[in-house]
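**Student:** Can you keep this structure in mind? I'll have questions shortly.
The values are calculated or read from the model by the stated rules, or taken from the named source; none is laboratory data. Predicted model only: the values in this text are computed from it and were never measured. So basically every Cβ, Gly included, is an ideal-geometry build from the backbone, and we count neighbours across all protein chains shown. The accessibility values were calculated without ligands, DNA or RNA, using every heavy atom of the protein model including side chains. Shrake-Rupley method; radii C 1.70, N 1.55, O 1.52, S 1.80 Å.
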Amino acid sequence: MEPIIQHPWNIDEQEAINLQRQLALQVKKADQLTDVSFVAGVDVAYHAESDLLVAGVVILDATSLQVVESVVIQDTVEFPYIPGLFSFRELPPLVRAFKELKTTPQLVVCDGQGIAHPRRFGLASHLGILFDIPTIGCGKTRLLGEYEEPEQERGAYSPLIDQGEIIGGVLRTQPNIKPIFVSIGHGISLPTACAWITKLSPKYRLPETTRQADQLVNKVSAELNSSR
């Protein structure tokens, strides 16, 4: 897979913020999904004592949720740790990983935020715009916004609201389990995003895309840590 949009990554904080605001205008909040055969999950793990990181992409069969392909990239951190600008740290190696995929996903789930972001342009939105592919932000924690607890049954969600705008859904993927935070990345509506995350979470709080990507990068990262 090759990105549709190219832009420089070696930029300063203000340039990155300006780029986010510019690209956020291109985010599509309606369903652009075609038939979904394969779903990707992405995650990044950082080395404990150096500037190394491990970026991983896993491809799951959308029906069986079995892993059909995975790619891992080891890289060094090039962008500083600045809240709200994580995509500038994590996307360069993830883009490299996507370029190595042999299986093309129709949907990508990111361990992070989409439009539930101060500038409505988290990592999931950034990735979706780069490849013009439907993406979902699926965070374990809230970045911003207010909400009421959703009902306790599986699939229930309540709106996440910031400054009067619905920026995501607080989704209960398992009965009586702490909810997760779902937001539009690009090319998908919030109800469809929540439905997909529920489908991808048949047994656990987190979707299989996130679980498998997390296990992949943490395994490689642990091996990297032990070898140093």
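**Student:** Give me the accessible area of Asp132, 1.4 Å probe, in Å² rounded to the nearest 10.
**Tutor:** So the heavy atoms of Asp132 present about 90 Å² to solvent.
**Student:** Pairs on different chains or at least eight residues apart, Cα atoms closer than 23 Å: how many lysine pairs in region 83-228 fit?
**Tutor:** Eligible lysine pairs with Cα atoms under 23 Å apart amount to 9.
**Student:** Then there is this: As an exercise, identify the GluC sites (Glu not before Pro) in region 1-86 lying in DSSP coil whose Cβ has no more than 14 other Cβ atoms within 10 Å.
**Tutor:** Sites meeting the loop and neighbour criteria: Glu49, Glu78.
**Student:** Taking the full set of protein chains and a 1.4 angstrom probe, give the accessible area of Asp162 in square angstrom, rounded to the nearest 10.
**Tutor:** Accessible area, nearest 10 Å²: 30 Å².
**Student:** Let me check something: with ligands and nucleic acids excluded, how do Thr210, Thr34 order by accessible area (1.4 Å probe), largest to smallest?
**Tutor:** Thr34, Thr210
**Student:** In the full protein assembly as shown, how much of Thr76 is accessible to a 1.4 Å probe, in Å² to the nearest 10?
**Tutor:** That residue has around 50 Å² of solvent-accessible surface.
**Student:** Relative contact order of region 163-227: what whole-number percent is it, with Cα pairs under 8 angstrom and at least 6 residues apart?
**Tutor:** Over region 163-227, the number comes to 25 percent.
**Student:** A further question follows. From largest accessible area down, sort Lys203, Lys29; use a 1.4 Å probe on the protein chains.
**Tutor:** Lys203, Lys29
**Student:** Then there's this: What are the principal axis extents of the Cα atoms in region 109-226, in Å, biggest first?
**Tutor:** Here the spans come out as 47, 34, 22 Å, largest first.
**Student:** Evaluate E = 1/(1 + (r/R0)^6) for Asn18 and Ile161, where r is the Cβ-Cβ distance and R0 equals 35 Å; express this FRET efficiency to the nearest 0.05.
**Tutor:** 0.85
**Student:** Could you compute how fast the chain diffuses translationally, taking Rh as the Kirkwood radius over C-alpha pairs and applying Stokes-Einstein at 4 °C with viscosity 1.567 mPa s? Give it in µm² per second.
**Tutor:** Stokes-Einstein gives a translational diffusion coefficient of 74 µm²/s.
**Student:** Also, I was wondering about something else. Kindly provide log₁₀ I(q)/I(0) values, in the same order as q = 0.27 Å⁻¹, from the Debye equation applied to equal alpha-carbon scatterers of region 151-217.
**Tutor:** Evaluating at q = 0.27 Å⁻¹ gives log10 I(q)/I(0) of -1.18.
**Student:** Using only alpha-carbon positions, what ratio does the radius of gyration of region 1-132 give when scaled by 2.2 N^0.38 Å?
**Tutor:** Against the empirical 2.2 N^0.38 Å value, I get 1.04 for region 1-132.
**Student:** Roll a 1.4 angstrom probe over the protein heavy atoms and tell me the percent of accessible area of the chain that is carbon or sulfur.
**Tutor:** Within the chain, the accessible surface is 49 percent carbon and sulfur.
**Student:** Moving on to the next point. Rounded to two decimals, what is the ratio between the C-alpha radius of gyration of region 98-141 and 2.2 N^0.38 Å?
**Tutor:** Here the Cα radius of gyration is 1.16 times the empirical estimate.
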